[in-house]
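**Student:** So that we are looking at the same thing, I have put the structure below in structure tokens.
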Amino acid sequence: MGLLDGKVALITGAGGGLGEAYAKLFAREGAAVVVNDLGGPRDGSGADTSMAQKVVDAIKAEGGRAVANGADISTMAGGQSVFDDAIRHFGRADILVNNAGILLDGSFAKMSEANWDKCLKVHLKGTFCVTSPVFRWMKDNGGGVIVNTSSTSGLIGNFGQSNYGAAKGGIWGLSNVLAIEGRRYNIRVWTLAPGALTRMTADLQRYIDNPGAALGPDGIAPAVLYMASDLSGDQTGKVLGVSGPRGVREMKMLEMEGWKPPHSGWKAEDIVTHASEIFFSEENKMAARRF
């Protein structure tokens, strides 16, 4: 018995890297998989459906079930295509992993409008385009699990990735809302912040203090299987960070209890007076209220 027996999983950007690892692991655990990948280089240019098909062939060679989809998920038609293939070939859409992405890095002072727009279109709009039909199906058919891919670049920040960080931060915000709206329909929503050595990140490893500690895709995939399976119970609205140096850990926003000013008559200088109640410090961080 596999952890995903009888389930149908849709995985975007699954022609290589993290998505490929998810697809193969899910298939081994009994899921039928829609392997989506536009193909082409990491900047989002070009297309090559052979990437997705190669993964499908590998899954089938192991006795699994899978179908390739080469749609551009940054369009509504492309997102609908991924869902339609799941229904057409397997009749269900139980799990969605939004993993597809591109990199167009550059410092903010040098960021072009084209690179800003394209990065947000693939990451943030792409997550919307694929999730939209799947969420509606899950709403009407007993629920499911959605895993959205954010990044520490969006949750914490990273030099040279203003477009990528903005998109990944937006995905986290979208996930928070989906978790609230989906709860009543048994739709569980997770956010993943992975740190892995893949084609997307290979040339960034020189900036890491200990690149040898980086995980490959197979080192991230078990966490996604946990989120998508019954192992995670009824948990929803949570963020898991998974990386070699930091391991597997939940990530949360924290909020100080705060200072409550009068409705009128207070001054900017009062923030200085009450700074210990408003701002985090090593002494007061334990007093934070966790979301």
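The values are calculated or read from the model by the stated rules, or taken from the named source; none is laboratory data. Given the structure is predicted, the values throughout are model-derived calculations rather than measurements. Here Cβ is always computed from backbone atoms with ideal geometry, including for glycine, and neighbour counts include all displayed protein chains.
**Student:** Scan (1) surrounded by fewer than 20 Cβ atoms within 10 Å (Cβ to Cβ); (2) within 26 Å of MET253 (Cα to Cα); (3) not acidic (Asp, Glu) for the single condition TRP137 breaks and write down its number.
**Tutor:** Only one criterion in (1) surrounded by fewer than 20 Cβ atoms within 10 Å (Cβ to Cβ); (2) within 26 Å of MET253 (Cα to Cα); (3) not acidic (Asp, Glu) is unmet by TRP137, namely (2).
**Student:** Can I ask one more? Evaluate the stretch 105-116: report whether one residue or more is of a type in the set (D, E, K, R), under 30 Å from ASP230 (Cα atoms) and touching a residue at least 24 places away in the same chain (Cβ under 8 Å).
**Tutor:** Taking every residue of the stretch 105-116 in turn, none turns out to be of a type in the set (D, E, K, R), under 30 Å from ASP230 (Cα atoms) and touching a residue at least 24 places away in the same chain (Cβ under 8 Å).
**Student:** Which one is farthest from VAL33 (Cα to Cα) among residues in the stretch 54-89 that are of a type in the set (Val, Ile, Thr) and either outside any strand (DSSP E or B) or outside the structural domain of THR127 (by TED's automatic domain parsing) (or both)?
**Tutor:** Start the filter on the stretch 54-89 by keeping residues that are of a type in the set (Val, Ile, Thr), which leaves 55-56, 59, 67, 73, 75, 82, 87.
Going one step further and asking which of them are either outside any strand (DSSP E or B) or outside the structural domain of THR127 (by TED's automatic domain parsing) (or both), we end up with 55-56, 59, 73, 75, 82, 87.
Details: VAL55: 10, VAL56: 8, ILE59: 9, ILE73: 16, THR75: 21, VAL82: 11, ILE87: 11 Å.
The residue in question is THR75.
Per-residue answers, yes or no, for (1) over 22 Å from ALA228 (Cα atoms); (2) buried (at least 17 other Cβ atoms within 10 Å of the Cβ):
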{"residue": "GLY157", "(1), (2)": "yes, no"}
{"residue": "GLN161", "(1), (2)": "yes, yes"}
{"residue": "GLY173", "(1), (2)": "no, no"}
{"residue": "ARG184", "(1), (2)": "no, no"}
{"residue": "ALA196", "(1), (2)": "no, yes"}
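**Student:** Name the residues in the stretch 227-268 that are closer than 30 Å to MET1 by Cα, touching a residue at least 40 places away in the same chain (Cβ under 8 Å) and assigned to a loop (DSSP other than H, G, I, E, B), would you? Walk me through it before giving the result.
**Tutor:** Of the stretch 227-268, the ones closer than 30 Å to MET1 by Cα are 227-244, 247-250.
Pick out the ones that are also touching a residue at least 40 places away in the same chain (Cβ under 8 Å) and you get 227-232, 234-244.
Once the filter is applied, which keeps residues that are closer than 30 Å to MET1 by Cα, touching a residue at least 40 places away in the same chain (Cβ under 8 Å) and assigned to a loop (DSSP other than H, G, I, E, B), the stretch 227-268 yields SER229, ASP234, GLN235, THR236, GLY237, GLY244.
**Student:** From ASN141, ASN158, which residue is in contact (Cβ under 8 Å) with a residue 24 or more places away in the chain and not aliphatic (A, V, I, L, M)?
**Tutor:** The unique qualifying residue is ASN141.
**Student:** Still on this structure: Among (1) at pLDDT 95 or above; (2) under 21 Å from MET251 (Cβ atoms); (3) not β-branched (Val, Ile, Thr), where does LEU197 come up short?
**Tutor:** Unmet condition: (1).
**Student:** Oh, and also: Identify all residues within the stretch 48-86 that are more than 19 Å from the chain's Cα centre (by Cα), loosely packed, with under 15 Cβ neighbours inside 10 Å and of a type outside the set (Asp, Glu); write none if there are none.
**Tutor:** SER50, LYS60, ALA61, GLY63, ALA77
**Student:** Search the stretch 95-115 for residues being outside any loop (DSSP other than H, G, I, E, B) and touching a Ser or Thr at 6+ places or on another chain (Cβ under 8 Å), and hand back the single one that is surrounded by the fewest Cβ atoms within 10 Å (Cβ to Cβ).
**Tutor:** Going through the qualifying residues, I end up with PHE108.
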